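Notes to accompany the following structure.
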There are 4 protein chains.
Amino acid sequence: MASTWGNHIKLSIFGESHGPAIGAVLDGLPAGEAIDLEEVLLQMKRRAPGQDRSSTPRREGDVPRILSGMLEGHTTGAPLAAVIENHNTRSGDYANLLAKPRPGHADFTGNVRYHGANDPRGGGHFSGRLTAPLVFAGAVCRQILARKGIVIGSHAYAIAGVADAPFDPVTVSKEQLCDLSKRSFPVINPKAEDKMRVEIERARLSCDSVGGIVECAAVGLPAGIGSPMFDGVENRLASILFGIPAVRGVEFGAGFAAASLRGSEHNDAFVRENGQVRTVTNRHGGVLGGITSGMPLLFRVAFKPTPSISKEQATVDLQNPEVPQVPLTVVGRHDPCIVPRALPVVEAAAAIVLLDLTTDCQ
Amino acid sequence: MASTWGNHIKLSIFGESHGPAIGAVLDGLPAGEAIDLEEVLLQMKRRAPGQDRSSTPRREGDVPRILSGMLEGHTTGAPLAAVIENHNTRSGDYANLLAKPRPGHADFTGNVRYHGANDPRGGGHFSGRLTAPLVFAGAVCRQILARKGIVIGSHAYAIAGVADAPFDPVTVSKEQLCDLSKRSFPVINPKAEDKMRVEIERARLSCDSVGGIVECAAVGLPAGIGSPMFDGVENRLASILFGIPAVRGVEFGAGFAAASLRGSEHNDAFVRENGQVRTVTNRHGGVLGGITSGMPLLFRVAFKPTPSISKEQATVDLQNPEVPQVPLTVVGRHDPCIVPRALPVVEAAAAIVLLDLTTDCQ
Amino acid sequence: MASTWGNHIKLSIFGESHGPAIGAVLDGLPAGEAIDLEEVLLQMKRRAPGQDRSSTPRREGDVPRILSGMLEGHTTGAPLAAVIENHNTRSGDYANLLAKPRPGHADFTGNVRYHGANDPRGGGHFSGRLTAPLVFAGAVCRQILARKGIVIGSHAYAIAGVADAPFDPVTVSKEQLCDLSKRSFPVINPKAEDKMRVEIERARLSCDSVGGIVECAAVGLPAGIGSPMFDGVENRLASILFGIPAVRGVEFGAGFAAASLRGSEHNDAFVRENGQVRTVTNRHGGVLGGITSGMPLLFRVAFKPTPSISKEQATVDLQNPEVPQVPLTVVGRHDPCIVPRALPVVEAAAAIVLLDLTTDCQ
Amino acid sequence: MASTWGNHIKLSIFGESHGPAIGAVLDGLPAGEAIDLEEVLLQMKRRAPGQDRSSTPRREGDVPRILSGMLEGHTTGAPLAAVIENHNTRSGDYANLLAKPRPGHADFTGNVRYHGANDPRGGGHFSGRLTAPLVFAGAVCRQILARKGIVIGSHAYAIAGVADAPFDPVTVSKEQLCDLSKRSFPVINPKAEDKMRVEIERARLSCDSVGGIVECAAVGLPAGIGSPMFDGVENRLASILFGIPAVRGVEFGAGFAAASLRGSEHNDAFVRENGQVRTVTNRHGGVLGGITSGMPLLFRVAFKPTPSISKEQATVDLQNPEVPQVPLTVVGRHDPCIVPRALPVVEAAAAIVLLDLTTDCQ
């Protein structure tokens, strides 16, 4: 069930990095929803390589072909399937990786899991390329959510240790999120962007890479969405977010920092404002007991540095069991920092989860 | 589907804090497994209140009554159901909370979600008491895992900002984990315990509470367990861990700290040792691409400070919409720090997930 | 996942015939629904042995103890758990069955499936006794359905080859169904009952048993419930109905007889009546393409004759591999016909499915 | 979740009759399995229209394009996705059906379910054309099953009331099933075929259609596969079989006929033969208590007559609420009997279920 997710909105993602095509099937979408494909393409472009000057110069130019579930620009209620062709791949780059698993990649674990039968070219099904259909699916979902008044956005909370200004957990607005989710390098503090770019460039020049943290917010969610225990908003989000390659941690509201606070510092007082119950502060990140409070939903996702680096590394040679270790130089074009391209992926995952949680179903 | 979890091992948890009883149903357990109920009780005792001097003096003395799925000390393959009676509850403590939702609790969100019909006494189904059946289920699963050579343990990585020594991600051993998982206040560095206890006591005296971080490890896992995308080890673990009350964050391996590292610092080199492929370091926490590498599995779980504090707080009066805010003093007995009792809960969740992932099924 | 069912309403059934207790957990029920426990008991009494003179004289007197999910007579939205104690069992009756699997029972297949670790006493988890918690769960669900105007009932369509009058597929009414679902031996044609009783008595006297067919109807279902392909009303119903012991077939509308009709004889013409689209006839049984049409839902369930008969039969001795076959006489008290007690079970299964299909969820 | 099925082998089917393409995603297949695409095409050809002289002369010439999950003729363990382009469709044939729902079709119920947004052309997602990806998926699964010694086959048990000879439930063999599953009009008694063809032709000439029953068998299944209650072999099979358009009933072993038998006539005696426990007769159809007995698995599926007939019928005009009924003549090319093309579909469904049930998973 590895690549299928969801309760009401069922998402199935398929494809391998260097196979014929990748794609997604979204089952359970409400019928009759208008979907603007230009908007979908804009989101996919944010994830595509070569959009921002910080990323690899490859240009995939992915255009999803919709096979079903849409008629005259509206969802039909039947599964929405879309395919993205693979092209402009250079398998040669990866040939010697068959025997020499790249550190930090799934080459070795995938090989064990699938008894050597997995497609190793470009990471196969483990490739970051598989986030393209995820962004497609999320881009469809976010349009339906927007019609319910729910808006999602994110920014580069930190890259290579350089911190952006955080979201204001109380006043973060739809306008701010909309604005951020159109940019290729979204930050709140423009000065942070410059410093981050310097660090990324520095890593690139030393054949290395850097990681970072994405902070994501959703506003417009009504109170009362989600469930206790295993179907809480956090559980559902985490269950998909950890499927994004390179994610190492997920936290909500004050997150890990909450562990150092006192209860009196962390608890958010309730207050009634204009007849509506809300909290004065928002350390809880919009979720209490797995259920939305009506306050902005806030979470952060930690990305490790891109494992593909051109620096020489050490690994094993699976075809040569005599030698304990061999040197490896990963050739090919790789982003020294995945965070800018990861932002639309995190937003897409959030959109799928929030539509799943807010969709009345039969 | 809120309180049901699992693919192969299906767990259903039921009960409300002040209702007649709480319990769990575990479906899909392998048949013929010997279960030592004394061992189960030991795990449950670790979670029970009043075991360690840092926790509330209430004594629940929970003894699960097994209703099905066991015959002469062995699993039968049919669903294993167990019930724990509720007693020694003082509903009066919570009476006025019906109208005045406690900050940091699910009183308000549960009220909205269930249109006021939820059981509000003691938090109802949201209560931390519901972790008792979770620990029961985990205690059963860990015995089956132990027979496969898989051992789980944890320690108080941090409490109130006081840090314990971390696990050594490469050399953490079964012996160390077994030893830790028998203690009521498990730390690696004994000096940390004293400082933590001081902070907890300080919080108690000021009618406040503190949070902390649990670090959990599992050793003995073979390489090749788990799946890419949505059924990765991380996704599965997070999908249950975020169901533990007060959890705000989950991270694997280097976790959020990975975001500040360079690829060359974070990637773990492979090496062959005694014919076995392993990594020299273990920043990846035992999982690559959602699949185990054979190295120790390592993750951390952040707990917010106990929201129940005796300090006066501000909230709304749901029955008095005219007044924007009212003062609230939460009476009753509450742990100033939930972390010591949360350790066996985290281990239990891990045991359920790892048994689910390593169980061949039909 | 054997004993867990459902999409929105999740049902988990546990217990073994001669273990301490049996029970059910229903997760996902809407909150705030009043449940009349007297009504629940009435339904359970219909299934209990010894209620009708045609059944075994054992009296179980099952009273479910509700452990959670109910407060002051209303559902709380948390999982509803109920336990029924086992008593008045005579294990001695079944002692020699451990080695000699009863023909027509799951003794042999259960033994293989669970490697001999299953509870063999009284059929263990395979026992018809496990339908008691199913009837409990269905009795809760049907009360919520009734509030939506959906009513379910059934009758003994055939027993031992004696046919009752069938439901009129167009005019079957709530009143008729309510009336039937209160009786211990519900038939439409009173003369059929007499003949059926004669056949049952004849079977009993010859130490044998007879089978039969249950016809079930639901009226008040709006059009548009269900989904194409694998989540059709038929698929969902069949997925639970085949879990009732002794069920060998399930058919909808004209069912197997449709196979002998021509399209012009089977198709139901549409007509508009009082502004409502309906069909003139109802060979389709209220479902087209997996989705309700608004016409009465009609299906039939075939039950094999009770496999427990006192006549001598032939089986193997699992502890004596040298002997190809040994004689077996099943002692104990068994219904010569299960159909009268199976009617409330079929209705319960239908109620659970229909509530699952008509519940808006989060 | 309508069009997604499965526990271990997850199947997602997408597409609409006159949309760009249809297809399937199969997640959870074991890795490293050789798949012969010629064999797959042979199965798909059996289902394709125009293959047998009894069916419509349309020729779809469907060739699935495999997008992922296969590398050099072997499964990779990643989701196997395949797309079949739609072509040679004549939308004009169905234009007036938008307003006038065809009797016996899902036009009306789909319209209500999806609020008029569903694709009505050719039945959209409800079309029998969607069985093409099902046959594709089944054709892949049956090759993996064959390697385990499990073989599936079926025959036209009855068409238009003309009965074929039934399978011998004890001696049905792999050879017989292999032979049958290669034919376009598989019967056991050749004389039945002639009579069936006469009836089909007669129906065609009178602008009408006929139904029939498919009998399917699987041999080579080990004892002990399946689970009690809701995950029995029957439940799993029924949950997918009722997703095949036009299916009205499913029965196992003696099926509905069992309802007229006595226990002593229906129970199958056990015997030990060559050290193996088996039953002397096979009225139970290879399943006891939801679990395989090791005897041939036998079930029958009832198909209603093709609802598309050229005879004039009566329906409503959804755009003209004043008129209670209007005449309708369905133009287009339709099979007067769907059974010959349905046989490979039933076998495919069985193959998917049996692979799901026999696949060890992580």
Item to check | Carbon/sulfur fraction of accessible area - chain B, other protein chains in place, 1.4 Å, % | outcome: 52
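Per residue Cα convex hull volume for the protein assembly as shown, in cubic angstrom?
163
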Checklist entry - Taking only the alpha-carbon positions of chain C and ignoring solvent, what does the Debye formula give for the base-10 log of I(q)/I(0) at q = 0.08, 0.10, 0.11, 0.12 Å⁻¹? => result -0.41, -0.64, -0.77, -0.91
Checklist entry - Near the axis that takes chain A to chain D, which A residue has its beta carbon closest, and at how many Å? => result A:Ser12, 2
Next on the checklist: Suppose you put the label 7 Å out from Cα in the Cβ direction; list, shortest first and in nm with one decimal, how far B:Asp194 is from each other copy's label.
Outcome noted: 5.1, 9.4, 10.2
Checklist entry - Considering only the other residues whose Cβ falls under 10 Å of the Cβ of A:Asp208, what net charge follows from Lys and Arg at +1 and Asp and Glu at -1? => result +3
Checklist entry - Highest GNM mean-square fluctuation, chain A, Cα pairs closer than 10 Å: which of A:Gln43, A:Gln276, A:Gln313? => result A:Gln276
Item to check | Orientation-averaged projected area, Cα convex hull of segment C:278-340 (nm²) | outcome: 8.3
Checklist entry - Say a site is exposed when it is one of the GluC sites (Glu not before Pro), sits in a DSSP loop, and has at most 11 other Cβ atoms within 10 Å; what is then the longest site-free stretch of chain A? => result A:73-311
Checklist entry - Is the shape of segment D:101-249 rounded, prolate or oblate, going by the alpha carbon gyration tensor and its root eigenvalues a ≥ b ≥ c, with a/c under 1.5 for rounded and a/b larger than b/c for prolate? => result oblate
Checklist entry - Under a straight-distance cross-link criterion of Cα-Cα below 26 Å, which lysines are reachable from A:Lys10, leaving out those fewer than 8 residues away in the same chain? => result A:Lys45, A:Lys148, B:Lys10, C:Lys10, D:Lys10
Item to check | Cβ-Cβ FRET estimate between B:Arg183 and B:Leu37, R0 fixed at 25 Å, reported to 0.05 | outcome: 0.75
Item to check | Residue-level accessible surface for D:Arg236, protein heavy atoms, 1.4 Å, Å² | outcome: 30
Item to check | segment B:301-362-segment C:1-41 distance, computed between alpha-carbon centres (Å) | outcome: 27
Item to check | Cα centroid separation, segment C:219-288 to segment D:124-176 (Å) | outcome: 24
Item to check | For segment C:219-232, 3J(HN,Hα) per residue [Karplus equation, 6.51 cos²θ - 1.76 cosθ + 1.60, θ = phi - 60°, Hz, x = Gly/Pro] | outcome: 10, x, 6, x, 5, x, 9, x, 8, x, 6, 8, 10, x
Checklist outcome for this item: Amide H neighbours of D:Gly232 at under 5 Å, excluding residues fewer than 5 places away on the same chain, with H built from the backbone geometry, are D:Ser227
Checklist outcome for this item: For A:Leu205, inter-copy label-point distances (7 Å, Cα→Cβ), nm, shortest first, read 5.5, 9.0, 10.5
Checklist outcome for this item: Averaged per residue, the 1.4 Å probe accessible area of segment C:4-358, protein heavy atoms only, in Å², is roughly 31
Next on the checklist: Starting from the Kirkwood Rh over alpha-carbon pairs, what translational D in µm² s⁻¹ does segment A:134-217 have by Stokes-Einstein at 25 °C and 0.890 mPa s?
Outcome noted: 175
Next on the checklist: Once the label point is set 7 Å along the Cα-to-beta-carbon vector, what list of distances in nm do you get between C:Val323 and its counterparts in the other copies?
Outcome noted: 6.8, 7.8, 8.2
Item to check | Around A:Leu71: net Lys/Arg minus Asp/Glu count, Cβ-Cβ under 12 Å | outcome: -3
Checklist outcome for this item: So, with points 7 Å from each Cα along the Cβ direction, the A:Cys207-D:Glu201 label distance in nm works out to 7.9
Next on the checklist: Report the D-A buried area as the accessible area lost on both sides summed, probe 1.4 Å, in Å² to the nearest 100.
Outcome noted: 3200
Item to check | Ratio Rg/Rh, restricted to segment A:223-316 and using Cα atoms, in which Rh is the Kirkwood radius | outcome: 1.14
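The values are calculated or read from the model by the stated rules, or taken from the named source; none is laboratory data. None of these values were measured; they are calculated from a predicted model. Glycine also receives a Cβ, built like all others from the backbone with ideal geometry; neighbour counts cover every protein chain displayed. Surface areas here come from the heavy atoms of the whole protein model, side chains and all, with no ligands, DNA or RNA. Shrake-Rupley method; radii C 1.70, N 1.55, O 1.52, S 1.80 Å.
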